[in-house]
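Colleague: This structure is in structure tokens; I'll ask about it shortly.
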Amino acid sequence: MHEMALVHPIVDTVLEHAASVGVAEVSAVHLTIGDGRDVIEDYMQGLFTFLARGTVAENAKLVIRHVPYTVRCNECGHVFPLNVRDSSTWTCPGCGAHRNYHLYSGMEFTLDQIVVARFADSAVA
């Protein structure tokens, strides 16, 4: 379960940022995750909830934006979606080159936004 190695630094980052700006409660954490990361979303949320228990982020929901695999053709530069399980997608629709591309997207893993439900009273003043 590699999700633990991915979620732990997210929780740490959320808690560090929340502490630095006086957050009393985090309601959501937005992530961008490429399909190549092969994560199970339910595991991610469960692990986040487990690791954030007893903190300002204990009730936060993960909001995940998925990024599909896309490749850039080495012949013409066209960017197109690739399904690694479907060989019909391995040919460039721009020039017809077969399996002559490099990965363009699909391996992303970023923390995009931390949504604050409320700030600590001392931080609002």
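Colleague: Relative contact order for the stretch 25-125 using alpha-carbon pairs under 8 Å, separation at least 6, rounded to a whole percent?
Modeller: Averaging sequence separation for qualifying contacts and normalising by length gives 40 percent for the stretch 25-125.
Colleague: For the chain, the longest stretch holding no trypsin sites (Lys or Arg not before Pro) located in a DSSP loop with at most 11 other Cβ atoms within 10 Å is which?
Modeller: Maximal segment without exposed cleavage sites: 1-52.
Colleague: Quick check on the chain: of the DSSP beta bridges with both residues there, what percent are antiparallel, nearest 5%?
Modeller: The answer is about 70 percent antiparallel.
Colleague: Quote the relative contact order of the stretch 1-79 in percent (integer), defining contacts as alpha-carbon pairs under 8 Å separated by 6+ residues.
Modeller: Contact order relative to length: 38 percent.
Colleague: Quick one: accessible area per residue over the stretch 11-125, 1.4 Å probe, rounded to a whole number of Å²?
Modeller: In whole numbers, the stretch 11-125 has 59 Å² accessible per residue.
Colleague: What does the helix-only formula give at 222 nm for the chain: each DSSP H stretch with n ≥ 4 adding -39500 (n - 2.57), the total divided by the residues, and the result rounded to the nearest 500 deg cm²/dmol?
Modeller: -8500 deg cm²/dmol
Colleague: Given R₀ = 35 Å, FRET efficiency for W90-E16 by Cβ-Cβ distance, to 0.05?
Modeller: 0.25
Colleague: Rank L47, S105, N74 by how far each Cα sits towards the positive end of the charge dipole of the chain (+1 on Lys, Arg Cβ; -1 on Asp, Glu Cβ) and give me just the farthest.
Modeller: N74
Colleague: Between H30 and R65, 0.36 nm times their residue separation minus their Cα-Cα distance comes to what?
Modeller: 11.8 nm
Colleague: For the stretch 14-68, what is Rg from Cα atoms divided by 2.2 N^0.38 Å, rounded to two decimals?
Modeller: 1.21
Colleague: Would you mind computing, in nm to one decimal, how far apart the modelled labels at F50 and Q113 are, each placed 7 Å from Cα along Cα→Cβ?
Modeller: Going by the 7 Å Cα→Cβ label model, 2.9 nm.
The values are calculated or read from the model by the stated rules, or taken from the named source; none is laboratory data. Values in this document were obtained by computation on a predicted structure and should not be read as measured data. Reconstructed Cβ throughout: ideal geometry from the backbone, glycine too, with neighbour counts over all protein chains shown. Heads up: the accessible areas ignore ligands, DNA and RNA and are worked out on the full protein's heavy atoms, side chains in. Shrake-Rupley method; radii C 1.70, N 1.55, O 1.52, S 1.80 Å.
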